[in-house]
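No value in this document is a laboratory result; all are computed from the given coordinates. Everything numeric here is computed off the predicted structure, so don't read it as measured data. Here the Cβ positions follow ideal geometry from the backbone for every residue, glycine too, while neighbour counts run over all protein chains shown.
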Amino acid sequence: MAPVTVTVKMADMEVVSDGQGLKTILGSCVGVILRDSERRVCGLAHIMLPQKQRDDAATGKYADSAVPALFERMVQNGGRPRSLQAWLIGGAQMFPMSNARLASIGDQNVEAARKALKERNIPIVFEDVGGRAGRAVLFDSEAGTVSVKTLQAIAGKGGTA
């Protein structure tokens, strides 16, 4: 029987083992995948925003809380902190906006995720970030490979939005 592939929803995270895969769809959100190849444990956080807002309990929603929480879950499931590697995907600028801060939320998510990974000394071994289109992500935890498909941009070509 083929291993199950687990779908990770927005602002959520999952940790899998025994060859299970992980998948998600990202726009301005960032997917952070962690893997310990020897222990065959991997996890994915689907991060929406760079920094925790007030007292929101949604840990997986923010880069500054999701990366540490995913790290802890990886360790609890047998991952070794010094053996973890990271894949960083997403952070597109999905919609043209006049407000520069809003338009760059994807970039802010990427930078916040990079910072959180650096604080834990987790090397990034793969990046596919930025741009203007979303991505469908499928991570093969057994092989340690990721398939990233760029989704067609929402904005129409040649017309006005």
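In µm²/s, what is D for the chain at 20 °C and 1.002 mPa s, where D = kT/(6 pi eta Rh) by Stokes-Einstein and Rh is the Kirkwood radius from Cα pairs? Display every interim value, and only then the final one.
Working: Rh = 15.7 Å.
Approximately 136 µm²/s, per Stokes-Einstein.
At a Cα cut-off below 20 Å, give the lysines reachable from LYS23, other chains included and same-chain residues fewer than 8 away excluded.
LYS9, LYS61, LYS149
Whole angstrom only: what separates the Cα centroid of region 7-35 from the Cα centroid of region 116-137?
Cα centroid of region 7-35 versus Cα centroid of region 116-137: 12 Å apart.
In angstroms, what radius of gyration and Dmax does region 1-63 have, counting Cα atoms only?
Rg, Dmax (Cα atoms, Å): 12.8, 45.
To the nearest 10 degrees, how steep is helix 105-119 against the longest Cα principal axis of the chain, on a 0 to 90 scale?
It is inclined by approximately 30 degrees.
Of ALA113, THR145, ILE33, which is farthest along the charge dipole of the chain in the positive direction, counting Lys and Arg as +1 and Asp and Glu as -1 at C-beta?
Looking along the dipole axis, the top candidate is ALA113.
Nearest 10 degrees is fine. How inclined is helix 63-76 to the longest principal axis of the chain, computing both from alpha carbons?
Roughly 20 degrees, rounded to the nearest 10.
What is the order of THR5, THR24, fewest Cβ neighbours within 10 Å to most?
On the way: THR5 14, THR24 24.
In increasing order of surrounding Cβ atoms, one gets THR5, THR24.
Antiparallel as a % of all DSSP beta bridges within the chain, to the nearest 5? Mind showing how you got there, number by number?
Values: 29 of 38 bridges.
Counting only bridges with both partners in the chain, antiparallel ones make up about 75 percent.
Among SER83, SER141, what is the fewest-to-most ranking by other Cβ atoms within 10 Å? Walk me through the intermediate numbers first.
Numbers: SER83 14, SER141 25.
Lowest to highest Cβ neighbour count: SER83, SER141.
In which sequence would CYS29, CYS42 go, from the one with the fewest C-beta neighbours within 10 Å to the one with the most? Write down the numbers at each step before the final one.
Working: CYS29 26, CYS42 29.
Going from least to most buried by this count: CYS29, CYS42.
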